Number of protein chains: 2
Amino acid sequence: MTKQEQCEAQEKTIELLSKAGIILTEEEKKNIEVADFGLNELTKTGLQLITYINTDRYCAKDLVLFPKQTCPEHKHPTIGGKEGKQETFRCRWGKVWLYVEGPSTEKILGYTPKGSEGAYTVFHEIELNPGEQYTIEPNTLHWFQADVDGAVVSEFSSTSHDEFDIFTDPRISRIPEVAE
Amino acid sequence: MTKQEQCEAQEKTIELLSKAGIILTEEEKKNIEVADFGLNELTKTGLQLITYINTDRYCAKDLVLFPKQTCPEHKHPTIGGKEGKQETFRCRWGKVWLYVEGPSTEKILGYTPKGSEGAYTVFHEIELNPGEQYTIEPNTLHWFQADVDGAVVSEFSSTSHDEFDIFTDPRISRIPEVAE
């Protein structure tokens with residue numbers, strides 16, 4: 001991802017947030033995190049994040065997905081004997097499909113990103129519309145995808161340690177570098 | 001507070017939330033908590049709350065204040081050796097003044113509710129406009145008040161145990177009964 005792609009993604013993120021009525025300070029706008037997970041295909045596989053607070057006790061973020069964008073399959077493991085991250089996703093705007101461990105849904109409404117099909121292994125579908133939410137227990141594989149308009153999702157959780165997330169796709173690096 | 005006053009307050013809460021772009025399910029609308037703290041003067045001293053999630057690790061709520069409504073001074077103490085609640089207030093809509101321990105602000109913009117002046121002892125003022133936030137450490141006295149339009153505030157925190165909150169006003173009961 002180039003610096004320019006990152007800036008454009010930040011602009012798009014601000015637009016989607018404003019549709020959800022969510023206001024950021026100028027400082028927060030500059031710090032919107034654009035994650036392409038090192039795959040360099042942001043509009044297909046990626047996620048935009050604003051972290052409001054992350055203390056040693058709790059964390060809160062807003063997540064933004066572009067139309068049909070997918071956050072790839074991962075889990076939050078136990079770290080140093082401390083239980084992994086527990087997180088609640090609450091849809092604020094748009095529609096999102098969340099896939100977690102459990103009986104596979106017969107015909108899912110999302111799709112696995114082309115070329116990465118093998119990196120998706122859980123297909124228990126939960127549809128989240130505005131006002132709907134779901135809590136994901138620690139160490140549980142999950143991935144999620146927005147519908148055609150994109151989505152804004154609030155994430156309430158225990159402390160976040162993104163650097164320890166385990167992705168099913170071995171090509172993924174959670175915190176890749178941005179090219180100048 | 002009568003059942004009817006409670007219903008009217010829930011309706012007003014839904015209106016203010018919709019101004020902030022916040023959508024609730026029908027079930028959540030029915031469960032909006034209207035706290036008058038047992039003082040029976042809700043429009044002056046009170047708070048409306050929607051608890052989205054409260055696990056043994058984290059909690060997330062949206063708080064709604066009516067115009068000039070005050071949430072009375074209190075703190076979250078250590079319970080059974082476990083540190084009290086740490087909480088982050090993020091203003092989503094309207095304007096709110098938060099008062100915490102620290103050097104008193106010379107001329108505060110809020111006011112202490114008439115007849116309860118003695119129950120307010122901390123006057124370090126923090127003004128929160130949409131997109132602004134502040135984190136309150138455990139066991140720290142605080143109170144807050146909305147400006148003339150009311151306010152919507154997201155609260156991200158460690159686990160919530162409202163029943164253990166300590167209020168400065170000895171008349172206050174956090175979880176009073178609703179009259180039929």
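Brief remarks follow.
- Output for the stretch B:145-161, where each listed residue is surrounded by 17 or more Cβ atoms within 10 Å (Cβ to Cβ) and either outside any loop (DSSP other than H, G, I, E, B) or of a type in the set (A, V, I, L, M, F, W, C) (or both): B:Q145, B:A146, B:D147, B:G150, B:A151, B:V152, B:V153, B:S154, B:E155, B:F156, B:S157
- The lone exception for A:L109 - which of (1) within 14 Å of chain B (Cβ to nearest Cβ); (2) assigned to a loop (DSSP other than H, G, I, E, B) it fails: (1)
- Only one of the numbered conditions (1) in contact with a Leu (Cβ under 9 Å, 6 or more places away or on another chain); (2) within 14 Å of chain A (Cβ to nearest Cβ); (3) without any contact (Cβ under 8 Å) to a residue 60 or more places away in the chain is not met by B:C91, and that is (3).
- Within the stretch B:83-113, the set of residues being of a type in the set (S, T, N, Q) and closer than 18 Å to B:L47 by Cα comprises B:T88, B:T112.
- Residue match in the stretch A:134-144 (condition: crowded, with 16+ Cβ neighbours inside 10 Å and more than 15 Å from the chain's Cα centre (by Cα)): yes
- Annotation note: Cβ proximity below 8 Å between a residue of the stretch A:6-25 that is part of a helix (DSSP H, G or I) and a residue that is among the aliphatic types (A, V, I, L, M) and surrounded by fewer than 14 Cβ atoms within 10 Å (Cβ to Cβ) (sequence gap 6+ or interchain) occurs for A:Q6/A:V178.
- In this entry, A:D62 is excluded by the filter for residues that are part of a loop (DSSP other than H, G, I, E, B), on the phi < 0 side of the Ramachandran plot and either at pLDDT 95 or above or in contact with a Pro (Cβ under 8 Å, 6 or more places away or on another chain) (or both).
- Summed over the stretch A:29-62, residues that are away from chain B (no Cβ under 14 Å) and either basic (K, R) or touching an Asp or Glu at 6+ places or on another chain (Cβ under 6 Å) (or both) total 4.
The values are calculated or read from the model by the stated rules, or taken from the named source; none is laboratory data. Since this is a predicted model, take the numbers as computed values, not measurements. Using ideal geometry, Cβ is built from the backbone for each residue, glycine included, and neighbour counts are taken over all protein chains shown.
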